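Right, one structure below, let's go through it.
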C-alpha cells in the first residue's frame with residue numbers, strides 16, 4: 001500500500017517520510033498504532049486496502065482500517081488571508097474588503113491610543129501590513145481599487161490604509177527587498193500619526209485633518225517623527241513621517257530638502273500621499289477622478305521624483321481603477337481592472353451613451369484584448385451628472401466587483 005499522506009501531527013507517529021510504501025506486517029502494525037486522524041493512499045502506486053493481508057492472529061484487535069479520502073468529497077479549505085496565490089481583481093476585491101475592515105479597527109485603535117500618548121508597538125500593526133502585502137501579491141490592483149469606494153470611512157484611517165497599500169505596490173514595482181517593502185508599508189500606515197498630537201481637537205474636524213489650517217497642520221511632520229522614535233520604531237520609518245511633504249524642487253516642508261537628499265521612502269510617500277489626498281477630495285470638495293489626479297501630478301514634474309512617479313503610474317495605471325473614461329464608440333465607462341501587459345489599456349465597464357444621452361446596458365470590455373474594437377479617447381466629461389451621483393455610481397460599480405465570482 002502506498003501512503004500518500006498521514007493526517008495528524010507528525011510527532012504522533014514514528015514515520016519520518018510523508019510518502020512511502022508499506023510492504024511488511026510490522027510497518028502496518030506501527031501505522032495502526034499511530035495516533036493519526038486518517039491515511040490517504042494512492043492506489044495507482046500500490047494496492048488498495050481491500051487487498052491487504054489480514055493482521056496476524058496474535059495481535060490485539062485492530063482499530064478500523066484506515067479510510068480513503070477523496071478530494072472531491074472534502075470540504076473546501078477556508079481562505080488563507082496570507083496566501084499569495086494569484087487571484088482575479090473581482091475575486092480579490094471581496095477579500096480586500098474583509099482585510100480593510102479588520103485593518104481599520106486596528107488602525108483606529110492605534111491612532112486613538114496615540115492621541116492619549118501611548119506608544120505604538122510594531123507588533124500591533126505588523127499583521128495589518130502582512131495582510132495588505134498578501135492581498136497585493138494575490139492581485140496588485142484590488143486593494144487600491146477598494147480604497148476608491150471607501151469614502152464613507154473616516155478619512156484619517158482610510159488614508160492610512162490606502163497609503164500603506166500604495167507604498168507596498170510602489171516598493172514592489174521598484175524591486176525593493178522584502179524588508180524594505182515591509183518598511184514601506186509600515187511607513188505608509190504611520191506617516192500621518194503626528195496629526196494625533198496637533199494642538200487641536202481633531203474630532204471637531206471630523207477626523208479630516210486637511211481642514212486644519214496649514215500653519216498648524218505642518219507641525220504634524222516633526223510631531224510624528226518624534227513620536228515614532230519615542231515608540232521605538234526604526235528611524236527610516238520615522239523619517240518618512242518627517243519628510244513625506246518634502247518636494248523634489250525643494251518647495252516642501254519641514255526641511256526644504258531637494259532631490260536625492262530626500263530619503264527614498266519619503267520620496268515614495270510624497271507621491272502616494274498626494275495621489276490619495278487628491279483622489280479622495282475633502283469634506284469641502286468632491287473627490288477628483290483618479291485618472292485626472294495622475295494627469296495633474298504629471299503636469300508638476302518638479303514636485304516628485306521622476307523615477308518614483310513613473311514607477312507609481314506603472315503600479316496603478318494611466319487610468320487607475322475607478323477612473324471614468326470616454327470610449328471611441330461614444331460611450332462612457334469606468335475602469336474596473338488593469339491589464340498585465342499595457343497599463344494604458346485597462347478593462348472597463350460601459351454605462352452611458354453620449355449619442356442618445358442616456359444610460360445603456362453595461363458591458364465589460366478588455367481594451368488590451370479587444371483587437372481595436374474600442375479604445376479610450378480621454379477622460380470622461382461628467383458635467384452632465386451631479387457630483388454626488390458620480391460618487392455613488394463609482395461606489396456601486398466597484399462594489400459589484402466583490403460579488404463577481
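The values are calculated or read from the model by the stated rules, or taken from the named source; none is laboratory data. Keep in mind that what you see is a predicted model, and the values were worked out from it rather than measured. Backbone-built Cβ (ideal geometry, glycine too); neighbour counts: all protein chains shown.
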Here the residues within the stretch 341-356 that are in contact (Cβ under 8 Å) with a residue 12 or more places away in the chain and farther than 16 Å from residue 396 by Cα are 341, 342, 343, 344, 345, 346, 347, 353, 354, 355
Reported set for the stretch 289-301 where residues are buried (at least 16 other Cβ atoms within 10 Å of the Cβ) and either out of contact with any strand residue (DSSP E or B) (no Cβ under 7 Å at 6 or more places or on another chain) or on the phi > 0 side of the Ramachandran plot (or both) is 290, 293, 294, 297
Going through the stretch 1-24 in order, the residues found to be more than 13 Å from residue 45 (Cβ to Cβ), surrounded by fewer than 15 Cβ atoms within 10 Å (Cβ to Cβ) and modelled with pLDDT of 50 or more are 7, 8, 14, 17, 18, 24
Residue set 387, 306, 346; condition closer than 24 Å to residue 174 by Cα and surrounded by 13 or more Cβ atoms within 10 Å (Cβ to Cβ); output residue 346
Out of (1) crowded, with 24+ Cβ neighbours inside 10 Å; (2) within 17 Å of residue 301 (Cβ to Cβ), the one residue 252 does not meet is (1)
Exactly one of 147, 167 is within 30 Å of residue 392 (Cβ to Cβ) and modelled with pLDDT of 95 or more, and that residue is 167
Quiz item: Can you find a residue in the stretch 302-317 that is more than 16 Å from residue 248 (Cα to Cα), at pLDDT 95 or above and in contact with a strand residue (DSSP E or B) (Cβ under 9 Å, 6 or more places away or on another chain)?
Solution: no
**Q.** Residue check, residue 355 more than 26 Å from the chain's Cα centre (by Cα), more than 20 Å from residue 316 (Cβ to Cβ), surrounded by fewer than 12 Cβ atoms within 10 Å (Cβ to Cβ) and at pLDDT below 90
**A.** no
- Test: residue in the stretch 169-184 that is at positive phi, surrounded by 18 or more Cβ atoms within 10 Å (Cβ to Cβ), free of Cβ contacts under 8 Å to residues at least 60 places away in the same chain and not in a helix (DSSP H, G or I): no
Of the listed residues (257, 265, 219, 239), the one being at pLDDT 95 or above and within 22 Å of residue 140 (Cβ to Cβ) is 265
In the set 381, 337, 366, the lone residue that is modelled with pLDDT of 90 or more, surrounded by fewer than 20 Cβ atoms within 10 Å (Cβ to Cβ) and under 16 Å from residue 289 (Cα atoms) is 381
The condition of being more than 25 Å from residue 323 (Cβ to Cβ), in contact (Cβ under 8 Å) with a residue 24 or more places away in the chain and under 14 Å from the mean Cα position of the chain (by Cα) holds, among 129, 136, only for 129
Checked 396, 361 against criteria (modelled with pLDDT under 95, under 22 Å from the mean Cα position of the chain (by Cα) and either closer than 22 Å to residue 286 by Cβ or not in a helix (DSSP H, G or I) (or both)); the one match is 396
